[in-house]
1. Residues in the range 26-41: is at least one over 9 Å from Pro10 (Cβ atoms), assigned to a strand (DSSP E or B), among the aliphatic types (A, V, I, L, M) and near ligand 2 (Cβ under 10 Å from one of its atoms)?
2. Name the single residue that is nearest to Ala26 (Cα to Cα) among those in the range 49-67 being near ligand 2 (Cβ under 8 Å from one of its atoms) and in a loop (DSSP other than H, G, I, E, B).
3. In the range 49-78, how many are within 11 Å of the chain's Cα centre (by Cα) and either modelled with pLDDT under 95 or within 18 Å of Lys7 (Cβ to Cβ) (or both)?
4. Restricted to the range 10-25, and to residues that are closer than 18 Å to Thr73 by Cα and over 10 Å from the mean Cα position of the chain (by Cα), which residue is nearest to ligand 2 (Cβ to nearest atom)?
5. Can you find a residue in the range 22-36 that is more than 20 Å from Pro66 (Cα to Cα) and at pLDDT below 90?
6. Out of all the residues in the range 12-29, which are in contact with a strand residue (DSSP E or B) (Cβ under 7 Å, 6 or more places away or on another chain) and of a type in the set (Ser, Thr, Tyr)?
7. Would you check if there is a residue in the range 36-43 being surrounded by fewer than 13 Cβ atoms within 10 Å (Cβ to Cβ), among the charged types (D, E, K, R) and within 13 Å of ligand 1 (Cβ to nearest atom)?
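The values are calculated or read from the model by the stated rules, or taken from the named source; none is laboratory data. Values in this document were obtained by computation on a predicted structure and should not be read as measured data. Here the Cβ positions follow ideal geometry from the backbone for every residue, glycine too, while neighbour counts run over all protein chains shown.
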Amino acid sequence: METKPEKRLPVVDYGRCVACGSCLPACPFSCLELSRTDLDADRTAFPELARVVDCTCCGLCARACPVDCISMTGLVVA
Ligand code: SF4
Ligand code: SF4
């Protein structure tokens, strides 16, 4: 039986993310947005996967991250 290749969504380690925004323009489909959070006292805007359905799990956002805090370990979608 043929098995589909495994695909996984990007997951941001917010403990290491420096909120530089470099991952946003790296996405060909504009899936990522910076959103205000309560993750720190300054309510810094951190990236989130705003358009999950458009994400192709290509990993370009992870490759663009200067601190290597995006891992392609999210929900299996295929
Ligand atoms: S894995 Fe690819 S499509 Fe998905 S958010 Fe990252 S750059 Fe965009
Ligand atoms: S590129 Fe990395 S450090 Fe910069 S906002 Fe995106 S996840 Fe955070």
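1. Looking for residues that are over 9 Å from Pro10 (Cβ atoms), assigned to a strand (DSSP E or B), among the aliphatic types (A, V, I, L, M) and near ligand 2 (Cβ under 10 Å from one of its atoms), one finds at least one in the range 26-41, hence yes.
2. At the first step, the residues of the range 49-67 found to be near ligand 2 (Cβ under 8 Å from one of its atoms) are 61, 64-67.
Restricting the remaining residues to those that are in a loop (DSSP other than H, G, I, E, B) gives 65-67.
Values: Cys65: 9, Pro66: 12, Val67: 15 Å.
So, considering only residues that are near ligand 2 (Cβ under 8 Å from one of its atoms) and in a loop (DSSP other than H, G, I, E, B), the one nearest to Ala26 (Cα to Cα) is Cys65.
3. 16
4. Applying the filter and picking the extreme gives Cys17.
5. Within the range 22-36, one or more residues are more than 20 Å from Pro66 (Cα to Cα) and at pLDDT below 90.
6. Tyr14
7. Narrowing the range 36-43 to residues surrounded by fewer than 13 Cβ atoms within 10 Å (Cβ to Cβ): 36, 38, 40-43.
Next, from what is left, pick out any that are among the charged types (D, E, K, R): 36, 38, 40, 42-43.
So of that shortlist, the ones also within 13 Å of ligand 1 (Cβ to nearest atom) come out as none.
No, the range 36-43 contains no residue that is surrounded by fewer than 13 Cβ atoms within 10 Å (Cβ to Cβ), among the charged types (D, E, K, R) and within 13 Å of ligand 1 (Cβ to nearest atom).
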